[in-house]
1. Considering only residues that are open to solvent by 30 Å² or more (accessible area, probe 1.4 Å) and in contact with a helix residue (DSSP H, G or I) (Cβ under 7 Å, 6 or more places away or on another chain), look in the range 276-304 and name the one that is farthest from Arg394 (Cα to Cα).
2. Going by what's in this entry, would Lys171 be described as farther than 30 Å from His234 by Cβ and free of Cβ contacts under 8 Å to residues at least 60 places away in the same chain?
3. Considering only the range 49-67, I want to know if a residue exists there that is touching a helix residue (DSSP H, G or I) at 6+ places or on another chain (Cβ under 9 Å), among the hydroxyl-bearing types (Ser, Thr, Tyr) and surrounded by 16 or more Cβ atoms within 10 Å (Cβ to Cβ).
4. Select from the range 240-275 the residues that are open to solvent by less than 10 Å² (accessible area, probe 1.4 Å), small (Gly, Ala, Ser) and under 19 Å from the mean Cα position of the chain (by Cα) and list them in ascending order.
5. For the range 207-239, name all the residues that are surrounded by fewer than 16 Cβ atoms within 10 Å (Cβ to Cβ) and more than 30 Å from Ser398 (Cα to Cα).
6. Are there strands (runs of 3 or more DSSP E) fully within the range 317-428 with at least 1 residues that are β-branched (Val, Ile, Thr)? List them.
7. Which ranges mark the helices (runs of 4 or more DSSP H) fully within the range 1-116 that have 2 or more residues being under 27 Å from the mean Cα position of the chain (by Cα), charged (D, E, K, R) and under 20 Å from Val251 (Cα atoms)?
Amino acid sequence: MAAYKDLSKEELLGLKADLEKEFKKVKAKGIKLDMSRGKPSTEQLNLSMEMMDVLTSKSDLVCTEGVDCRNYGVLDGIKEAKQLLADMMEVPKDNIVIFGNSSLNVMYDTIARSMTHGVMGSTPWCKLDKVKFLCPVPGYDRHFAITEYFGIEMINVPMTPTGPDMDIVEKLVSSDPAIKGIWCVPKYSNPQGITYSDETVHRFAKLNPAAEDFRIYWDNAYGIHHLYEDKQDHLIEIFMECKKEGHPDMVYKFASTSKISFPGSGIGAIAASDANLADIRNQMKIQTIGHDKLNQLRHARYFGNIHGMVQHMKRHADIMRPKFDAVLNTLETELGGLEIGSWIAPRGGYFISFDSMEGCAKAIVAKAKEAGLVMTDAGATFPYGRDPKDSNIRIAPSYPTLEEIREAAKIFVLSVKLVSIDKILESK
């Protein structure tokens, strides 16, 4: 079919009438679908159920350093859990600290510590007139929520196909000492599924910040979350790159097993330089006597090593791939060539990013909701929930069943078509 903008007013009105009939039928079904968050499905959670049998009342619960995991102690994680997460995060195990179940919690703590006590001896942020953060957009809403909560000014940096626009990043970071950090999801980014190019990572490692306490908040949430065996993105390891460039302290690297084992009961971790970790442990020893070592032991014994984890993630991919393919095929079949939207086909991660015509995203999400499909709020992928173009929509295919995803994709494309026709008619 021709692009919608090339159709006459009469053709558009005729098309709209047909689409509205179709929409009415869908609405009459009384469908209730929630595609608002990137949650693993029940089927994915079931993959890890044998982990529940790894520790029993008869198990030896002493870890390799000889500590009884039922008791206090081992502030920053048992050795076997450190090794497992270090291999997953591609860092030396001495540069990792294991926390509780959530990497988001670790990121929140890291910002909170910087606010109250500063970073490695520098002025606490709460005593400064202004603190700013760079936010690649579209990006992860929960990152932005943390910085907004602490009253940190957020500055949008556009994403490109190779990662954040590094010309902008370099210029701002080197000239403004109030800029203290940048949020990054460097592999299969949320929501676009973009992996930072080698050049982008090199340029990050070479940054010369005006602020001595500037840090790259490198949230490698989807490091081993590939969708395809034969098409996988590769990301250069940032920690060693920073070290090579003489900036060992410039990066905090975060990850967790949340979408590998159980999101509510995984293991979160931070990797950083010796100096950064010493700073972090100073807070930790006040905050806790140690996180859940039984959970750390359970993970280490269940996966065995990184190879066990990689095999496990292939089973996740087998469940996720058909859902992503169903959405992408529907977008291509129904919207290809109409020039009313664009999208990126990711090779991993949890989301598909869709860009509508300008000024249509909120209306599309509202239209889909009318037919029973709940999506992430339009604007959520930008700081303060404000998408200046009102065009980005995050599609999260993981949680519903494959049948539900097919239904959801139909509702979505119908909504896109109807809202886009209205938009074009306004200018005819």
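1. So, considering only residues that are open to solvent by 30 Å² or more (accessible area, probe 1.4 Å) and in contact with a helix residue (DSSP H, G or I) (Cβ under 7 Å, 6 or more places away or on another chain), the one farthest from Arg394 (Cα to Cα) is Gln283.
2. Values: farther than 30 Å from His234 by Cβ: no; free of Cβ contacts under 8 Å to residues at least 60 places away in the same chain: yes.
When the stated conditions are applied, Lys171 does not pass them.
3. no
4. Across the range 240-275, the qualifying residues are Ala255, Ser261, Gly266, Gly268, Ala269, Ala271.
5. If the condition is that a residue be surrounded by fewer than 16 Cβ atoms within 10 Å (Cβ to Cβ) and more than 30 Å from Ser398 (Cα to Cα), then Asn208, Ala210, Glu212 are the ones that fit.
6. Values: elements: 341-343, 352-356, 373-375, 392-395.
So the answer is 352-356, 373-375, 392-395.
7. Numbers: elements: 9-28, 42-46, 79-89.
Once the helices (runs of 4 or more DSSP H) in the range 1-116 are filtered for at least 2 residues that are under 27 Å from the mean Cα position of the chain (by Cα), charged (D, E, K, R) and under 20 Å from Val251 (Cα atoms), what remains is 79-89.
Rundown of residues vs (1) touching a Phe, Trp or Tyr at 6+ places or on another chain (Cβ under 7 Å); (2) of a type in the set (Lys, Arg); (3) over 25 Å from Tyr228 (Cα atoms), yes/no style:
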position	(1), (2), (3)
Gly290	yes, no, yes
Leu297	no, no, yes
Tyr302	no, no, no
Gln311	no, no, no
Lys323	no, yes, no
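The values are calculated or read from the model by the stated rules, or taken from the named source; none is laboratory data. Computed from a predicted model, the values in this text were never measured in an experiment. Quick reminder, even Gly has a Cβ in these numbers, built from the backbone with ideal geometry, and neighbours come from all protein chains shown. Just so you know, the surface numbers come from the protein's heavy atoms only, side chains and all, with ligands and any DNA or RNA stripped out. Shrake-Rupley method; radii C 1.70, N 1.55, O 1.52, S 1.80 Å.
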